[in-house]
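Undergrad: There's a structure below that I have some questions on.
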Amino acid sequence: MQRRWIYLTVFIAGANAGANAGAQRAPWTLSPTPILTIGSEEGELPYQLERVTGALRLGDGSIIVGNSGSSELRYFDAKGKHAKSVGRRGAGPGEFGQYSNVTPLLAQRDRLIVQDAESQRVNVFDVSGRYVRQFRFEAQPVAKLVSLVAADSTGILGQSLRDNRLQGNPGDILNAKWQVAIFDSAGLQRNLLFEQFGRKRMVHAYQGITHYPFIPLSAEPAMTLAGGRVFVVRGDSAVVEVWSNAGR
C-alpha cells in the first residue's frame, strides 16, 4: 500500500505592520522543525495515510486530513491523536468516488466543502463531520467539467473546462484552456474572472494504446481565495496576480 505523511509547520511572518503597500516586506519563513507530525508506516490504520491531497487546521488546533486512498476525512486532535473518520467510497450522500481527491476546504465558519470529482458534485459537512447537503456547479456557458479550487466566506473559486476530450496524434502537445470563476454556496456561477491554460499534456502511443500524460516538470497554475481576493500564479513566470472576486 502506498502511503503519504503530513508535516504541519508554523509560518512566521516578519512584516512591518506600519509599512505601506510600496514598502519592502520581510520574507515569510518556516520554523526549523515541524510542530506536529501525523502519519506512520506501521501501526493503527487511521495513521497510515494514503493519497493525501489536502488538510485543514481548525481554530482549536484540531486537524482534518483528506485521505483519498480510503475516501475519508480523518479527524485528529491538536496533539495528532485520531478522533474519528467520516465518509467512505461510494456515490451516496457524503460518499466519494474512488478517483476523487478528498480535499477539505472551509467555505464558512461552520461548513466544510469537499469535492467528489468522480460524481461531479461537492459534499458539504459541518466542522464536526456531520453530512449537510450536496450541490453541483452550474457554470455559464455549460461546461463539460467544473472543479473546486478554493473557498472562503465570500464565495467559492472554481474552474471550468468547455471540452475535456483528449485527442490528437502522437507527439502533439495539448494545452486546455480553463475559465476561472466565483460561485455561490449553491454552486451557481456569480462572476467570471479570467481564462488560463492548464498544465500541458503530450499525446503518447505505446503498443497500440494512446495515453495523454502531463509533461514532466511542466508549469502548473496555482490559485487560492482569501478575504475576497483571488491570488494566482499562471505557472510560466514568478508573478502573482491579485483579482477581486468581482473580476477586477
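Undergrad: At a 1.4 Å probe, what is the % contribution of carbon and sulfur to the accessible area of the stretch 111-248?
TA: Answer for the stretch 111-248 is 53 percent, counting heavy atoms of protein chains only.
Undergrad: Dipole of the stretch 51-90 (Lys/Arg Cβ +1, Asp/Glu Cβ -1, origin at the Cα centre): which of Ile63, Ala78, Val52 lies farthest to the positive side?
TA: Farthest towards the positive pole: Val52.
Undergrad: Another question, if that's okay. Shape call for the stretch 171-248 from the C-alpha gyration tensor, a ≥ b ≥ c root eigenvalues: rounded (a/c under 1.5), prolate (a/b greater than b/c) or oblate?
TA: Prolate is the answer for the stretch 171-248, as a/c is 1.5 or above and a/b outweighs b/c.
Undergrad: What value in Å³ per residue do you get for the convex hull of the alpha-carbon atoms in the stretch 89-132?
TA: Given the Cα convex hull of the stretch 89-132, per-residue volume reads 58 Å³.
Undergrad: Over the stretch 205-248, give the accessible area per residue in Å² for a 1.4 Å probe, as an integer.
TA: 68
Undergrad: Another question about this same structure. Semi-axes, largest first, in whole Å: what does sqrt of 5 times each Cα gyration tensor eigenvalue give for the stretch 111-248?
TA: Semi-axes, largest first: 29, 19, 13 Å.
Undergrad: If you average 1/r over all unlike Cα pairs in the stretch 76-171 and invert the result, what Kirkwood radius do you get in angstrom?
TA: Here the Kirkwood hydrodynamic radius works out to 14.9 Å.
Undergrad: Please report the relative contact order for the chain, taking Cα pairs under 8 Å with a sequence separation of at least 6, and give it as a percent rounded to a whole number.
TA: Relative contact order, the chain: 9 percent.
Undergrad: Can you list the residues, at least 5 places off or on another chain, whose amide H is less than 5 Å from the amide H of Val149, using H built in the peptide plane?
TA: Leu157, Gly158, Gln159
Undergrad: Could you calculate, for the chain, the ratio of the Cα radius of gyration to the Kirkwood radius, expressed as Rg to Rh?
TA: My calculation puts Rg/Rh at 0.98.
The values are calculated or read from the model by the stated rules, or taken from the named source; none is laboratory data. Just so it is clear, the model here is predicted, and its values are computed rather than measured. In this analysis, Cβ positions are derived from the backbone assuming ideal geometry, glycine residues included, and neighbour counts consider all displayed protein chains. The area values use the complete protein model at the heavy-atom level, side chains included, leaving out ligands, DNA and RNA. Shrake-Rupley method; radii C 1.70, N 1.55, O 1.52, S 1.80 Å.
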